[in-house]
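Below is one structure, written out as structure tokens, with a few remarks after it.
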Amino acid sequence: MTKTLNIGMVGYGFMARAHSNAWANVSHFFETGYRPALKAIVGRNVSKVRRVADMFGYESVETDWRVLIERKDIDAIDVCVPNDLHAEISIAAAKAGKMVLCEKPLARTEAEGLPMVDAVEKAGVPNMVWYNYRRVPAVMLIKQMVESGRLGKIFHYRAKFLQDWTISPDVPQGGAGTWRLDVEAAGSGVTGDLLAHCLDTAIWINGSLDSLTAMTETFVKERKNAETGAMQRVGIDDAAAVLTRFQNGSLGTFESTRYARGHKAGYTLEINGEKGSLSWDLHDLNRVQFFDHSVAGAQRGWTNILVTDGDHPYLGKWWVPGLIIGYEHSFTHQVADFLDGLKTGKPAAPSFRDALETTRVCDAIIASGKSGQWISL
């Protein structure tokens, strides 16, 4: 028997729309035992939140997240607001006995995230953090291949996430559109926003990090505040370059910047092992490149795997082989895994506690960027 799960969405911006689309469509393709109902969405701007509510079919609108959490007809709270609000809303939701799903990163710092972990675990409520790139079928396939030993011993893990949207010094900081440039709202710059994705995927595939050292840079030192117009010091990192050692003995390199002309969402990863290598590019997200050293020398080379077959992760639920899927499907897969976890009693990852590890690494990157020192994790 299919059960209804009533969703309360906090926020109405880009990520809230991505999440809403996933909640609305998951039951069309995945049989999880639950059918999400878009019950209510909350935002301070009434006209904007009503517009989004109408687009996705939310039954009601609220302007105060506290009212949303108090509602008896809400089962799960989805937190899609700037990072400085994650902790307060998530903790309150957990105390009210609601399931909590929080947009990444979990919190601005590990210290801020710890009470969030404590709250959901004390309340015993299902919880998850939206690191959606785990749910790209090609990335899931890479994890499966690494776990099955296709690469043998891992030597290197490298990843980068490049953008170019903040190069102009005229881009403001703060406010609804550019809060990611405000250290008080975001906690960090590219480290928490972009590298966090790379780090979560790396830890998931290759295991925990042992130590790291980092360089960070803020290229534009002052920007106007989007709301007051006053010039303010910029406290976030515009770029980060990180060297790491994993606990399995492999080396890692991570790079992220918003100052790479020509790149909008340039996320790539590559893993090198004794038996072969694997690589993936977000801009061609349905493909995995695989180098298999066991192939005879005359035929040895990089193999292009189009990840669309029914025996590839998640894809048996979608279209026939050869027809590709997109970015939005990764969120649908995350919702499907969350709902399946409710049915089976095996929670879907990453939980708040899982995601706290990535936040801890982000803290270390910021600290190392200031000190220039290696930091043990």
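The values are calculated or read from the model by the stated rules, or taken from the named source; none is laboratory data. Predicted, not measured: the structure shown is a model, and the values here were computed from it. Note: ideal-geometry Cβ built from the backbone for every residue, glycine included; neighbour counts use all protein chains shown. Keep in mind that these areas ignore ligands, DNA and RNA; they rest on the heavy atoms of the full protein, side chains included. Shrake-Rupley method; radii C 1.70, N 1.55, O 1.52, S 1.80 Å.
At-a-glance table
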quantity	calculated
Accessible surface, 1.4 Å probe, highest first, among residues MET145, MET1	MET1, MET145
Greater than 31 Å apart at Cα, pairs in LYS160/LYS224; LYS72/LYS122; LYS275/LYS370; LYS104/LYS317; LYS143/LYS343	LYS275/LYS370
Exposure ranking of HIS312, HIS86, HIS263 by accessible area [1.4 Å probe, largest first]	HIS263, HIS312, HIS86
Share, in percent, of DSSP beta bridges within the chain that are antiparallel, nearest 5	60
Near-label residues of region 256-279 by backbone N, under 16 Å of a point 7 Å along Cα→Cβ of TRP302	267-273, 276-279
Tail weight of P(r) past 27 Å, computed on alpha-carbon pairs of the chain, percent	50
Rounded percent of accessible protein surface that carbon and sulfur make up, region 283-371, 1.4 Å probe	53
Accessible area per residue, Å², region 2-54 with all protein chains present, probe 1.4 Å	46
Residues ARG71 and LYS3, FRET efficiency given R0 of 22 Å [Cβ-Cβ distance, rounded to 0.05]	0.75
Where region 272-344 is the region considered: accessible area per residue in Å², 1.4 Å probe	49
Most to least accessible of GLU255, GLU270 (protein chains only, probe 1.4 Å)	GLU255, GLU270
Intensity falloff of region 1-73 expressed as log10 I(q)/I(0), Debye formula with alpha-carbon point scatterers, at q = 0.13, 0.27 Å⁻¹	-0.36, -1.24
Point-to-point label distance, SER376-ASP309, nm (Cα→Cβ direction, 7 Å offset)	4.6
Spin-label pair THR344/ASP281, simplified geometry with 7 Å Cα→Cβ offset, distance in nm	3.4
Exposure of GLU121 as accessible area (Å², to 10), given a probe of 1.4 Å and all protein chains	90
Under 13 Å from the Cα of LYS221 - aspartates and glutamates, other chains or at least 8 residues apart	ASP170, ASP182, ASP237, ASP238
Spin-label pair LYS95/ARG51, simplified geometry with 7 Å Cα→Cβ offset, distance in nm	3.5
When the convex hull of its Cα atoms is projected in every direction, mean area for region 190-342 (nm²)	13.8
Computed helical MRE - 222 nm, the chain, DSSP H runs ≥ 4 contributing -39500 (n - 2.57), nearest 500	-9500 deg cm²/dmol
Rg ratio (alpha-carbon, reference 2.2 N^0.38 Å) - region 263-377	1.40
Loop-located trypsin sites (Lys or Arg not before Pro) in region 265-320, at most 15 other Cβ atoms within 10 Å (DSSP)	LYS275, ARG300
Of LEU282, GLN334, PHE29, farthest towards positive along the dipole that unit charges on Lys, Arg, Asp, Glu beta carbons give the chain	PHE29
Kirkwood hydrodynamic radius of region 60-131, from inverse mean 1/r over distinct Cα pairs, in Å	12.0
Heavy atoms of ARG245: accessible area, 1.4 Å probe, square angstrom to 10	120
